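Participant: Below is a structure I'd like to ask you about.
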Amino acid sequence: MTVRPVTAQPEDYPLLQSIAQVLHNEWQALPQWQTPEIILARLLNRVNGENGEQLFVATDKNGALLATASLIWRELKTSRMPDADWWTGEIYTRPAARGRGLGSALTQAVVDAATARRLPALNLYTPDKQAMYARMGWKPVFDDVINDENVTIMQRLLAD
């Protein structure tokens, strides 16, 4: 398994298409994931680095997609956390690859990238992985409803 950033290079385009398709398949009922084309456009902007966002993948030995996660600028704006600018999001592991620590490895890759850029904190929201994130140093901030789903907003402080 390899964990790495996805680039804007042509050789990564098929991988971007795969990511767009699996994210669509998983969350297509939600507006921002309605079509693979909408998702692909967002991913292309992310890998072009225009606003500092990054996309990471875990791939198998043949380069096939196993999991993905992103460093996202203002994925969620909430009045309860007005300074929550940077988020870890779009974390997804293919069903056949689950239970192997890929989500944790990708989340850590995002944390490492944010730490290297000296970001003060990262945020995320999760409906069901609170315990996993707590083991990785994330703290619950509050519970909320996002897209008709009960979630916990969590934060990890990075800077001293």
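The values are calculated or read from the model by the stated rules, or taken from the named source; none is laboratory data. The structure presented is a predicted model; accordingly, all values stated were derived computationally and were not measured. Because the Cβ atoms are built from the backbone with ideal geometry, glycine has one as well, and the counts that use them run over all protein chains shown.
Participant: Could you list all residues from region 46-63 that are surrounded by 14 or more Cβ atoms within 10 Å (Cβ to Cβ) and over 13 Å from ASP12 (Cβ atoms)?
Facilitator: GLY52, GLU53, ALA58 - these are the residues of region 46-63 that are surrounded by 14 or more Cβ atoms within 10 Å (Cβ to Cβ) and over 13 Å from ASP12 (Cβ atoms).
Participant: Shifting gears a bit: Let me confirm something: among ILE39, ILE19, which residue is in contact with a His (Cβ under 8 Å, 6 or more places away or on another chain), of a type in the set (A, V, I, L, M) and buried (at least 17 other Cβ atoms within 10 Å of the Cβ)?
Facilitator: ILE39
Participant: Here is a further query. Can you find, within region 143-160, the residue that is surrounded by the most Cβ atoms within 10 Å (Cβ to Cβ) among those that are out of contact with any strand residue (DSSP E or B) (no Cβ under 7 Å at 6 or more places or on another chain) and touching a residue at least 40 places away in the same chain (Cβ under 8 Å)?
Facilitator: ASN147
Participant: Still on this structure, I have one more. Determine which member of the set ARG46, ARG74 is modelled with pLDDT of 95 or more and not small (Gly, Ala, Ser). Steps first, answer last, please.
Facilitator: Numbers: ARG74 fails: modelled with pLDDT of 95 or more.
The unique qualifying residue is ARG46.
Participant: Turning to a different aspect of this structure: Which of the strands (runs of 3 or more DSSP E) found entirely inside region 1-81 contain at least 2 residues meeting this: closer than 25 Å to VAL151 by Cα and touching a residue at least 40 places away in the same chain (Cβ under 8 Å)?
Facilitator: Passing ranges, in order: 54-59, 65-73.
Participant: Looking at (1) at pLDDT 95 or above; (2) touching a strand residue (DSSP E or B) at 6+ places or on another chain (Cβ under 9 Å), which is the only condition PRO14 fails?
Facilitator: (2)
Participant: Next question. Mind checking which pairs have a first residue in region 113-142 that is within 21 Å of VAL57 (Cα to Cα) and a second that is of a type outside the set (Ser, Thr, Tyr) and assigned to a helix (DSSP H, G or I), Cβ under 6 Å, 6 or more apart or different chains?
Facilitator: Pairs that qualify, where the first residue is within 21 Å of VAL57 (Cα to Cα) and the partner is of a type outside the set (Ser, Thr, Tyr) and assigned to a helix (DSSP H, G or I), are LEU122/ALA114.
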